[in-house]
Amino acid sequence: MRISLIKGHNPVTVYHEAQTIPEPDYTFTVSARGKQPNVPVFQFLRRHFGHIPLNRIESLFGFVEYSPLYGGRVFHKRELSERDVFQLNNAGIGLRLPLSNHFVSAEEYEASQAFLQKYHTDLNSVIVTHDDLARWIRRDFPRYRIDASVIKNINTKKKLEQALRLYDEVVLPMPSNEDLPFLESIEDKSCITLFANAGCAFTCPSRTCYVSVSKINKQDSEQAFQCSQSLKERELLGMIDFDIDALVGMGFHSFKLLRPAPGKMTGF
């Protein structure tokens, strides 16, 4: 069964000052993709994620200033300003840096030291695909939590066990939400992030876009965006929402929530 997180959600309880708001039993990392840097971050959250109480938002993921380490989506311009990051951290909400480029050299990493140092706090985390980058960040910037990107396609217990030797948490691919035997086999569900909703990657056979985006984000003007849809037709379902209550009932508590891209079959 699938439910909508947008429609029919439970109303937010209004508490009196004397009462304490309980800690949430599950949280979201939400997408800042497409946000304009001049739009205040809490205004953005009210507009696009206003159905989620702030104490359920653990972090935002999106671009700050340019880095050749970015992957996942093409970098056009920064989405979160320095003021946004300060206000988020001041409210106890983290920044997740999407450093999920497939290709990372030691020289690029060394050139990124000032960038990584700027956001190096206990609240913030990095999303990584390249294992060497994860090792270097672990060595030099130990305050970051290091998440294995969904791009790594960790979809078996063996792959998960290997990943958790290096990464603090693992973002499982969207189809894993329907692989109940795999989900039930995971002993420590506290180190797992599942998708709360899904776009085109849910049915994608090859995910060729990620490699092309990695090259584009190196500012390679010769690299064109690639999509497997042009190579192999597949069923496109648009944005779908997973049954969060069922997944929480299985013991999962961390979810990644995308923002539907206007007029498209996928999300930011």
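Okay, here's what the table says:
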{"quantity": "3J(HN,Hα) from dihedral phi, the stretch 78-92, Karplus parametrisation 6.51/-1.76/1.60, rounded to Hz, x for glycine, proline", "calculated": "5, 10, 10, 6, 4, 5, 4, 5, 4, 5, 4, 4, 5, 8, x"}
{"quantity": "Cα lying deepest toward the dipole's positive end in the stretch 67-198, options 173, 123, 149, charges on Cβ", "calculated": "123"}
{"quantity": "Hypothetical label at residue 66: residues of the stretch 90-130 whose amide nitrogen lies under 20 Å (7 Å Cα-Cβ projection)", "calculated": "97-119"}
{"quantity": "Largest to smallest principal axis extent of the C-alpha atoms in the stretch 151-208, angstrom", "calculated": "29, 22, 17"}
{"quantity": "FRET E, pair residue 36, residue 118, Förster distance 30 Å, beta-carbon r, rounded to 0.05", "calculated": "0.90"}
{"quantity": "Rg in Å to one decimal, and Dmax rounded to a whole Å, for the stretch 90-174 via C-alpha atoms", "calculated": "12.8, 38"}
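Quick note: the coordinates plus some simple rules give every number you see, no bench work behind them. Note that the structure is a prediction, hence the values are computed from the model and not measured. Quick reminder, even Gly has a Cβ in these numbers, built from the backbone with ideal geometry, and neighbours come from all protein chains shown.
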